[in-house]
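Colleague: This is the structure, below, for whatever I ask next.
The values are calculated or read from the model by the stated rules, or taken from the named source; none is laboratory data. All figures in this text were calculated on a predicted structure; none of them were measured in a lab. We place every Cβ from the backbone using ideal geometry, glycine too, and count neighbours over all the protein chains shown. Side chains included, ligands, DNA and RNA excluded: accessible areas come from the protein's heavy atoms. Shrake-Rupley method; radii C 1.70, N 1.55, O 1.52, S 1.80 Å.
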Amino acid sequence: TDNAPLSMPSAALRLVARRAFAARRAVTARHFATDPTPASPPPLAPVSEITSPSQLDAVVAHSHTTALVFDFYADWCGPCKQLTPMLERAVAKHHPKVALLKLNVEAPGLEGVCAQLKIASLPTVMAMSRGQFVNQFKGAIPEAEVEKFIADLALSMGDGGDGADKSEELLANADLETLLEAAADVVFNTKDSALDDATRTHCAQALSKVINSDVSKGGGPAVRCRALAVSGGLALRAKPRDVESAEALLVEARRLVDGFPAPKELSMVEARVIITRDATMTASDVEGLGAAHEKEPKDFDALQMYASALFLAGESEKACTVALKSVKPGYGAQEVRDQGRTLVVRIIDALGAGDALGEATRKKLASAWFL
């Protein structure tokens, strides 16, 4: 029956842990803590200047409790002077979860560090969490993007917690809607660099609880359908991406749709399954697919694989831009433009109903289609 428990495919539950994820709602904040980490060193100041490799080595241990933002700059660099104050303001909002480390690339003794990290342009900003670099960007970016970069990094640290016991307590006590919203936010909005094994594990546990909950506790078909769809999205974020498990979860989710509209998560993951298959038809990476597209810009298959790979790499805006090329007059025969339109709509569906980029792309599609 529709109320019988459904187990998540083992592939989605085998994902193992290292870090935390946070479920943040309007009033209540909950988190799932990571495995125990090394003893915490004394707290870092919000902003520090690093002038030697020994100083750098000393602060790396802090990354198990405080995410570190490395700001590589030079005194003569104009964009650096614009960016650093923005970083300082953003970090101040999230200290002590995040601390800023400033490194002047011209400081004596840092040449080896810069060479090892391949610092070739300024400013370069790199983020470290639990001893590993997890994200970076180059050049001055808008302050809103700086704030999101820092906020995402702070979110990945959780709030320290009490280890696995705290995680189990929250999983046991959280309401189903909180668990589902938290997992969906992580699956659809977290970059690959920040989506580690612990995050996947806690998502799988949360979603499994929702899927197997009784109707009396809020686990009706509509809620379970959403949870199955989000679980499919989680399977697609595995390494390697588990398309077969995702498809099996979608079949179960689609079976539950009866008497209520299909949730947006279902359409999102169905579109992402196709995008994943398109992007993985070849062993080439994003750069290689981009080169193939540039060589044959009117080869639709090359364009489709490149746009799909960009989407999977988190470059959604660029994926939309590339896909839209295929619907413009003059790109190819009407049949090819029809395929292009299908591709663009698929990416819009994968972004989800109401997504700002998706809505903007929909308008561009309408404009290009009727030119």
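Colleague: Holding the Cα-Cα limit at 25 Å, pick out from 97/138; 118/295; 148/295; 148/328; 138/295; 138/264 the pairs that are longer than that.
Modeller: Beyond 25 Å: 118/295; 148/295; 148/328; 138/295; 138/264.
Colleague: Also: Which semi-axes, in whole Å and largest first, does the equivalent ellipsoid of the range 234-328 have when worked out from the alpha carbon gyration tensor as the square roots of 5 times its eigenvalues?
Modeller: Equivalent-ellipsoid dimensions as semi-axes: 28, 15, 10 Å.
Colleague: With +1 on each Lys and Arg Cβ and -1 on each Asp and Glu Cβ, and nothing else charged, work out how big the dipole of the range 251-371 is about its Cα centre, in Debye to the nearest 20.
Modeller: Taking the Cα centre of the range 251-371 as origin, the dipole is about 380 debye.
Colleague: Among 54, 96, 113, which residue has its Cα positioned farthest towards the positive end of the charge dipole of the range 43-126, with +1 placed on the Cβ of Lys and Arg, -1 on the Cβ of Asp and Glu, and the dipole taken about the Cα centre?
Modeller: 96
Colleague: Now, a different point. List residues of the range 117-160, by number, whose backbone nitrogen lies under 20 Å from a label position 7 Å along Cα→C-beta of residue 82.
Modeller: Taking a point 7 Å out along Cα→Cβ of residue 82, the residues of the range 117-160 whose backbone N falls under 20 Å are 120-126, 136-150.
Colleague: Another question, then. Rounded to the nearest 0.05, what FRET efficiency do residue 362 and residue 143 have when you use their Cβ-Cβ distance and R0 = 25 Å?
Modeller: So, using R0 = 25 Å, E works out to roughly 0.35.
Colleague: Show me the ranking of peptides 284-293, 341-350 by mean Cβ neighbours inside 10 Å, starting with the highest.
Modeller: Ranking, from highest mean packing down: 341-350, 284-293.
Colleague: Determine the per residue accessible area of the range 226-294 with all protein chains present and a 1.4 angstrom probe, expressed in square angstrom.
Modeller: 45
Colleague: Output the relative contact order of the range 296-371, whole-number percent, from Cα pairs under 8 angstrom with separation of 6+ residues.
Modeller: 27
Colleague: If eta is 1.567 mPa s and T is 4 °C, what Stokes-Einstein diffusion coefficient results for the range 298-359, Kirkwood Rh from Cα pairs, in µm²/s?
Modeller: 113
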